[in-house]
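S.K.: My questions will all concern the structure given below.
Only the coordinates and a few stated rules stand behind these numbers; no lab work does. Just so it is clear, the structure is predicted and the values come from calculations on it, not from any experiment. Note that each Cβ is placed from the backbone with ideal geometry, even for glycine, and that neighbours are counted across all protein chains shown.
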Amino acid sequence: MNSALYLHNQYQKQAAWTKALRLSLYRKVHLTRKKNILELGSGSGVILSELSERTDARLCGIEADPQMTALAKAQYPGIEFRTARAEKLPFPENSFDLIVTHYFWLWQKDPEAVLTEARRVLKKGGHLVSLCEPDYVGRIDEPPELGGIRDLILGALAKQGADPGLAGKLETLMTKTGFRTEAGRQEGCWDWREYQKQFDREWEFIGHLCGSGKRLEALKQKDLQAVAEKKRRMCMPVRWAVGTK
Ligand SMILES: C[S@@+](CC[C@H](N)C(=O)[O-])C[C@H]1O[C@@H](n2cnc3c(N)ncnc32)[C@H](O)[C@@H]1O
């Protein structure tokens, strides 16, 4: 599987986990009244394709990676995808009445610049909705000897240029850049049974992010043992935010 297809697969899984939260936010901002919708960091098009089944609005996605834009265009020809950066949107001001993001903010080097640019292209009264942002800093692995998994993930994300704690700062940043803001957090805990079902996917994700090595393999073996002893629990909080212009 090439890298773009692997990522598409991963984005579909993430979107399945966060679907209930997303649907409640669509209701909150009255999705069906929106006429022009933009996604920042649209990846392979998973979120916009879901939106295309729920609204007749014009849908547009901007994505920095041309390979992902090409994949999105090939899969969802009815949706407008462009290669562009969120720091410099190729749209005039007041173009959209809804802007959405999903697993996006942690990758921003200058989130305030992106928020300011999003506010520029948003109509007055329009909404910027962070549908879901993973809060890796708040991740809890139990029993405590598995805490090393969180540390490895945090280290790997930071090395790749991400800010794994950005989810917790987004509400303040939105307010600072002029939005009226409302935000919340969901715990997202798996007991050993649920974790066992997700075990292979979870380690595929950890491997993709952190690579391989003795420390990782040792943690995986401890993790397997904790599941077998029915002691395993994992909480991965996610945060949402709605900003109104
Ligand atoms: C984790 S993926 C999520 C994709 C999609 N939102 C989803 O949930 O399926 C984040 C995407 O945002 C893109 N991205 C990150 N920062 C960006 C920026 N400043 N401008 C445009 N795209 C960006 C990345 O290239 C990546 O494809």
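S.K.: Nearest 20 debye, what's the magnitude of the dipole of the chain about its Cα centre given +1 on Lys and Arg Cβ and -1 on Asp and Glu Cβ?
M.R.: 560 debye
S.K.: What are the semi-axes of the equivalent ellipsoid of segment 130-177, taken as the square roots of 5 times the eigenvalues of the Cα gyration tensor, listed largest first and rounded to whole Å?
M.R.: 24, 13, 7
S.K.: Rounded, prolate or oblate, given the Cα gyration tensor of segment 13-134, with a/c below 1.5 counting as rounded?
M.R.: rounded
S.K.: Something else about it: For residue 100, which sequence-distant residues (separation of 5 or more, or a different chain) have an amide H within less than 5 Å of its own amide H, given hydrogens modelled in the peptide plane?
M.R.: Here the answer is 38, 39, 40, 129, since their amide H atoms fall under 5 Å of that of residue 100.
S.K.: Could you sort the peptides 112-118, 9-15 by per-residue average Cβ neighbour count (10 Å cutoff), highest mean leading?
M.R.: 112-118, 9-15
S.K.: Follow-up question, since we're still on this one. Under 4.7 Å Cβ to Cβ, no partner at all: give me those cysteines from the chain, in residue order.
M.R.: Cysteines of the chain left without a disulfide-compatible partner: 60, 132, 210.
S.K.: Per residue of segment 180-191, in order, report the coupling 6.51 cos²θ - 1.76 cosθ + 1.60 (Karplus, θ = phi - 60°) as ³J(HN,Hα) in whole Hz, putting x for Gly and Pro.
M.R.: 7, 10, 9, 8, x, 9, 10, 6, x, 9, 10, 7
S.K.: Over the chain, what is the percentage of antiparallel beta bridges among all DSSP beta bridges, to the nearest 5?
M.R.: Roughly 50 percent of the DSSP beta bridges within the chain come out antiparallel.
S.K.: Summing +1 for each Lys or Arg and -1 for each Asp or Glu, what net charge is found among the other residues whose Cβ lies under 15 Å from the Cβ of residue 83?
M.R.: -1
S.K.: Right, another one. Let me check against my output: what whole-number percent is the relative contact order of segment 30-103, with C-alpha pairs under 8 Å and at least 6 apart?
M.R.: 40 percent
S.K.: Remind me, relative contact order of the chain in percent, using alpha carbon pairs under 8 angstrom and six or more residues apart?
M.R.: 20 percent
S.K.: By how many nm would the segment from residue 175 to residue 6 grow when fully extended, if each residue of separation counts as 0.36 nm and the alpha-carbon distance is taken off? If you can, show how the numbers build up before the last one.
M.R.: Details: separation 169, 0.36 × 169 = 60.84 nm, distance 3.55 nm.
Working it through step by step, the gained length comes to 57.3 nm.
S.K.: Further question: At 222 nm, what value in deg cm²/dmol follows for the chain if DSSP H runs of at least 4 each add -39500 (n - 2.57) and the sum is divided by all its residues, to the nearest 500?
M.R.: Working: 9 runs with 107 residues, N = 245.
Theoretical 222 nm ellipticity from helices: -13500 deg cm²/dmol.
S.K.: Beyond a 27 Å Cα-Cα separation, which of these cross-linked pairs lie in this structure: 159/222; 34/159; 88/176?
M.R.: Listed pairs above 27 Å: 34/159.
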